[in-house]
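Readers should treat all values here as calculations from the given coordinates under stated rules, not as data from a laboratory. These numbers come from a predicted model, not from an experiment.
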Amino acid sequence: ELKVEQNPLFLSMQEGKNYTIYCNYSTTSDRLYWYRQDPGKSLESLFVLLSNGAVKQEGRLMASLDTKARLSTLHITAAVHDLSATYFCAVDMGAQKLVFGQGTRLTINP
Amino acid sequence: SAVISQKPSRDICQRGTSLTIQCQVDSQVTMMFWYRQQPGQSLTLIATANQGSEATYESGFVIDKFPISRPNLTFSTLTVSNMSPEDSSIYLCSVRGDRNQPQHFGDGTRLSIL
């Protein structure tokens, strides 16, 4: 059974700081997705990582995938308040099924 | 990306009743997915719905409790049957076009059972 673990689950940080969210998974997969969820809202797709070594960047967010280590990271650079949300990674387990991590609730304080 | 509409957006229901949630997509898709998100938790896949065949349920979810219909390539329904307070969750449908694209989610149905 595929397990997906995010670390940390809660993160409170100051504006302007950098931080990384980690996503570890237990079995082989070469596709991983990052989503953002704002309170009371649905999920918004952030990144699609399709192969080992894939790196994607959008604004202050950068995601990477190491399939050999079964690890993805979401790096936040110079955080701003608008990035406060819950971030989920999701691993493709085949047949288009996704297994989600627990989510990381990020709060960015002025 | 696909536009996904879910109805109702929220509901408050009595214990023991059933509710059917509708999911409409603006384009034809082969596979649709139903997820549950319990309060403050992550998403768990309930089942995969293919047009013209029975839905495939994940471990812990059964057809009697969560019957699904998929009458065509743009529409699906999920029924939550004989509801109890433990069924209070957000139920989301999702679709994906080709495998290199992310799954896109509807806005969800926020369900509370009294």
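Below are the figures for this structure:
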| read-out | value |
| --- | --- |
| Alpha-carbon spread of chain B, three principal axes, descending order, Å | 39, 26, 23 |
| Over the protein assembly as shown - Rg/Rh using Cα atoms and the Kirkwood inverse-distance radius | 0.98 |
| Karplus 3J(HN,Hα) series, Hz, for segment A:65-72 with 6.51 cos²θ - 1.76 cosθ + 1.60 (x for Gly, Pro) | 9, 10, 6, 5, 7, 6, 9, 10 |
| Residue-by-residue Karplus 3J(HN,Hα) for segment B:40-46, coefficients 6.51, -1.76, 1.60, Hz, glycine and proline x | x, 10, 7, 9, 10, 6, 8 |
| Principal axes of segment B:57-114: Cα extent on each, largest first, Å | 40, 22, 21 |
| Computed Rg/Rh of chain A, alpha carbon atoms with Kirkwood Rh | 0.96 |
| Per-residue ³J(HN,Hα) for segment B:65-70, Karplus 6.51 cos²θ - 1.76 cosθ + 1.60, θ = phi - 60°, Hz, x for Gly and Pro | 8, 10, x, 10, 10, 8 |
| Qualifying aspartates and glutamates (Cα of each under 15 Å from Cα of B:LYS7; at least 8 residues distant if same chain) | B:ASP26, B:ASP107 |
